[in-house]
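Peer 1: Can you keep this structure in mind? I'll have questions shortly.
The values are calculated or read from the model by the stated rules, or taken from the named source; none is laboratory data. The structure presented is a predicted model; accordingly, all values stated were derived computationally and were not measured. No Cβ is skipped: glycine too gets one built from the backbone with ideal geometry, and neighbour counts run over all protein chains shown. For accessibility, only protein heavy atoms count, side chains too; no ligands or nucleic acids. Shrake-Rupley method; radii C 1.70, N 1.55, O 1.52, S 1.80 Å.
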Amino acid sequence: MTITQNPNSEAKQKVFDLMLTFVKSQCLYVSARLGIFDLLDDSGEQSVDSLATQTNTDTERLYFILRALAHVDILEEKPGRVFAPTEASSLLVTNKAPSAGHLAMHLIEPAQWDAWKVLPEALEKGVVPFELANGIGVYPYCYENEWSKDTFIKAMSFLTHSQVEGLLEAYDFGQYETVMDVGGGQGGLIASIVKRYGCKGILFDLPDVAHTAKDYIAKQGIDPDAIEIKTGNVFESVPAGAKAIVMKHFISAWSDADAKKILANCKAALPADGRLILLQSFVPDIDEPKTEADGIMPGIFAVQINVATPGGGWRTKKQFQALFEESGFRLEKVIKTSNSLSGMEFSVA
């Protein structure tokens, strides 16, 4: 293969872009954390002086951040150092509903960022980078830090809301009398399933996570008796009572050994003709497209999951199938949606 040395080549641009991707991430994080996107969404274009005053930041240093975001089309810069919101910045507003802004803050918050700093050492030791950097696992950390917990829950709610319509179009949950969401957080997914198909629902998660679910579900216009909220530890047991269990972006946070413990408890909770529906972004095999229709690259996202959690990160469909079959399940069908959230339906073997 002949490699050209053109200094303006596409390859060189790609390399330089990768070098400075962390700069874009930090500009995005600090602007979301300061509420810049909220301020612009609420009142329209503002000068950097006004934004600095409202966020109690240094005007000149803030200008560098906002100008950079304008250069990547997150904001629009106008003459006189005035900045205006864009369609992209509207996705990052955090003072109205769970949004991409919450996901950005969760993924780029200091504790998460610290994990990347120790990545070489973690690779050498074969340990979880987040735990090496912070002395605690990512989930206990979130539960013990109120801002991190709130941001994490809203980030997961945003992901659910952005992907659920495609899922509900692709899969008929109406075939089940009762559906349980294991690790369902605030209840966004189970609320959408119950509202769309009229079945009964069960939400199961840790008490610290599910405590906001009742108010969230009530705001969705659903009969309060239609969804039962149960709390507990998935490693100890999973409650019975559902014909189908769904798990969205949950099992991938755990190692194969831990995942098998969870799956054993799910199997014990299901009837003989029950179903377990894995909802997940699947890492593509070598011959499959690397980017999904909604812009997510599962293979890249999988690295972030692996750096933060003790699990194997997002897996391929073949890897998930092997994991579930080793745990006493049989693959019945693969569910393809219009976005990066797809599914695999398993029966009890």
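Peer 1: Across segment 140-161, which residue is nearest to Ser340 (Cα to Cα) among those that are buried (at least 18 other Cβ atoms within 10 Å of the Cβ) and either of a type in the set (A, V, I, L, M, F, W, C) or out of contact with any helix residue (DSSP H, G or I) (no Cβ under 8 Å at 6 or more places or on another chain) (or both)?
Peer 2: Leu159
Peer 1: Scanning for something touching a helix residue (DSSP H, G or I) at 6+ places or on another chain (Cβ under 6 Å) and surrounded by fewer than 20 Cβ atoms within 10 Å (Cβ to Cβ), does segment 240-247 turn up at least one residue?
Peer 2: Checking segment 240-247: at least one residue is touching a helix residue (DSSP H, G or I) at 6+ places or on another chain (Cβ under 6 Å) and surrounded by fewer than 20 Cβ atoms within 10 Å (Cβ to Cβ).
Peer 1: In addition: Restricted to segment 64-80, and to residues that are part of a helix (DSSP H, G or I) and either at pLDDT below 95 or in contact with a strand residue (DSSP E or B) (Cβ under 9 Å, 6 or more places away or on another chain) (or both), which residue is farthest from Val48 (Cα to Cα)?
Peer 2: Selected residue: His71.
Peer 1: Scan segment 295-312 residue by residue and report those that are in a loop (DSSP other than H, G, I, E, B) and either farther than 15 Å from Gly137 by Cβ or aliphatic (A, V, I, L, M) (or both).
Peer 2: Scanning segment 295-312 gives Gly295, Ile296, Met297, Gly312.
Peer 1: Kindly evaluate Leu132 against the criterion of being under 29 Å from the mean Cα position of the chain (by Cα) and buried (at least 18 other Cβ atoms within 10 Å of the Cβ).
Peer 2: no
Listed here are the residues, each with its yes/no results for (1) touching an Asp or Glu at 6+ places or on another chain (Cβ under 6 Å); (2) of a type outside the set (Val, Ile, Thr); (3) modelled with pLDDT of 95 or more.
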site	(1), (2), (3)
Leu276	no, yes, yes
Gln280	no, yes, no
Thr291	no, no, no
Gly295	no, yes, no
Arg315	no, yes, no
Gln321	no, yes, yes
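Peer 1: Do we find that Trp116 is in contact (Cβ under 8 Å) with a residue 12 or more places away in the chain, part of a helix (DSSP H, G or I) and open to solvent by 60 Å² or more (accessible area, probe 1.4 Å) in this structure?
Peer 2: yes
So that you can scan it fast, the table gives a plain yes or no per residue for (1) outside any loop (DSSP other than H, G, I, E, B); (2) on the phi > 0 side of the Ramachandran plot; (3) touching a residue at least 40 places away in the same chain (Cβ under 8 Å); (4) surrounded by fewer than 21 Cβ atoms within 10 Å (Cβ to Cβ):
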{"site": "Leu203", "(1), (2), (3), (4)": "yes, no, no, no"}
{"site": "Asp208", "(1), (2), (3), (4)": "yes, no, yes, yes"}
{"site": "Ile217", "(1), (2), (3), (4)": "yes, no, no, no"}
{"site": "Gly221", "(1), (2), (3), (4)": "no, yes, no, yes"}
{"site": "Val238", "(1), (2), (3), (4)": "no, no, yes, no"}
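Peer 1: Give the residues of segment 18-41 that are open to solvent by less than 70 Å² (accessible area, probe 1.4 Å) and of a type outside the set (A, V, I, L, M, F, W, C), sorted by residue number.
Peer 2: Of everything in segment 18-41, those that are open to solvent by less than 70 Å² (accessible area, probe 1.4 Å) and of a type outside the set (A, V, I, L, M, F, W, C) turn out to be Thr21, Ser25, Gln26, Tyr29, Ser31, Gly35, Asp38, Asp41.
Peer 1: Residues of segment 174-201 being in contact with a Phe, Trp or Tyr (Cβ under 7 Å, 6 or more places away or on another chain), small (Gly, Ala, Ser) and either open to solvent by less than 10 Å² (accessible area, probe 1.4 Å) or in a strand (DSSP E or B) (or both), which ones?
Peer 2: Passing the criteria: only Gly187.
Peer 1: Please determine, by comparing only the residues of segment 305-349 that are aromatic (Phe, Trp, Tyr) and within 19 Å of the chain's Cα centre (by Cα), which one is most open to solvent (accessible area, probe 1.4 Å).
Peer 2: Trp314
Peer 1: Still on this structure, please answer the following. Search segment 12-63 for residues being farther than 25 Å from Thr151 by Cα and among the hydrophobic types (A, V, I, L, M, F, W, C), and hand back the single one that is modelled with the highest pLDDT.
Peer 2: Val48
Peer 1: Inside segment 263-295, can you point out the residues that are aliphatic (A, V, I, L, M), free of Cβ contacts under 8 Å to residues at least 40 places away in the same chain and over 13 Å from Gly241 (Cα atoms)?
Peer 2: Val283, Ile286
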